[in-house]
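The structure appears right after this line, and notes come after that.
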Amino acid sequence: MNLSRLAEIQIKYASLYRPGQYRRPKLIAGVDCSYRGELIACAGVVLSKEGKVLQAAQIKGRVFFPYISGFFAFREGPWLLALLRRFSLRPELLFVDGNGLLHPRKAGLAVFVGVRTGLPTVGISKKPMEDFPWKCGKRLLPLDGGFALCRKGWKRPVFISPGNLLSPEAALRAYEENSPAKIPSPIKMAHSLARRLLY
DNA sequence: GCGACAG
DNA sequence: ATCTTGTCGC
């Protein structure tokens, strides 16, 4: 299974992406993974619209795919799918740590997770995949498949793109209306849970 | 060889 | 991501 073959698979996933309008979610979730050597731990939380943790889950195991820029979904995607199966609640918005359509083949981690689960997903990343002047000169910079957003006081932007069932504009709205913090709280909670699991 | 490169 | 010291800001 070489990279060009995996790239073809990504193109297939990209074709399965569907846009959609933003709907105010009653359940918002976030997932993230941490590493410690060969160990990987992934966690996720489902929050009520009031911000209360309704469900939390975590899994741990050994990595089976290396980190390769542009193929991140093959490293974390399978773990996130296994993790999400542990939730009985079905979130109407899922924040993923990584990109969605902001990807060379429009198939970032959020697209993989969104297409496979059928959940509306939004990819959040702190770095662009392709190099470009990412200074916060403008508040909002439209990109091919997503946006670079700079809020007051930020030195670096946050990159927002849909993974499934949301148009780029809807993904931006989902972020703006549900994340007063730069990194959505569900992702931050998932991050700390995943880290704890490795200690 | 050096820097870049979602996490 | 992780390894790490100090440092700036809310």
Requested in this report: Please give every one of the lysines within straight-line cross-link reach of A:Lys12, meaning a C-alpha to C-alpha distance under 20 Å, and leave out same-chain neighbours fewer than 8 residues apart.
Outcome: A:Lys106
**Report entry** Heavy atoms of A:Asp144: accessible area, 1.4 Å probe, square angstrom to 10
**Finding:** 110 Å²
Report summary line: quick shape note, region A:1-66: Cα extents on principal axes in Å, largest first -> 45, 35, 11
Query - Dmax and Rg, reported as Rg then Dmax, of region A:3-197 (C-alpha, Å) - result: 15.5, 44
Query - Accessible surface of A:Ser192 - all protein chains present, 1.4 Å probe, nearest 10 Å² - result: 60 Å²
**Report entry** Net +/- balance of residues flanking A:Leu81 in space, Cβ distance below 14 Å, scoring K and R +1, D and E -1
**Finding:** +3
Query raised in the report: Among all the lysines, which ones have a C-alpha under 20 Å from A:Lys188's C-alpha, if same-chain residues fewer than 8 places away are not counted?
Result: A:Lys26, A:Lys49, A:Lys52, A:Lys60, A:Lys126, A:Lys127, A:Lys155
Report summary line: For region A:3-197, averaging the sequence separation of alpha carbon pairs under 8 Å that lie six or more residues apart and dividing by its residue count, the contact order in percent is 27 percent
Query raised in the report: How about region A:52-99: which chymotrypsin sites (Phe, Trp or Tyr not before Pro) there are in a DSSP loop, with at most 11 other Cβ atoms within 10 Å of their Cβ?
Result: A:Phe64, A:Tyr67
**Report entry** Extended-chain gain in nm, criterion 0.36 nm per residue less alpha-carbon gap, A:Leu16 and A:Leu81
**Finding:** 21.7 nm
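Using the C-alpha gyration tensor of region A:85-199, what are the square roots of 5 times its eigenvalues, in whole angstrom, with the largest one first?
So the three semi-axes of region A:85-199 are 22, 17, 13 Å.
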Report summary line: If each part is reduced to its alpha-carbon centroid, region A:1-65 and region A:76-129 end up apart, in Å, by 4 Å
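Taking the Cβ-Cβ separation of A:Lys135 and A:Tyr67 as r and a Förster radius of 35 Å, what is the calculated FRET efficiency to the nearest 0.05? Provide the component values of the computation, followed by the final result.
Values: r = 27 Å, r/R0 = 0.76.
Once rounded, the FRET efficiency stands at 0.85.
The values are calculated or read from the model by the stated rules, or taken from the named source; none is laboratory data. Predicted model, so just to flag it, every value in this text is computed and none were measured. Heads up, the Cβs are rebuilt from the backbone with ideal geometry, glycines too, and the neighbour counts pull from every protein chain shown. Surface accessibility is based on the protein's heavy atoms, side chains included, excluding ligands, DNA and RNA. Shrake-Rupley method; radii C 1.70, N 1.55, O 1.52, S 1.80 Å.
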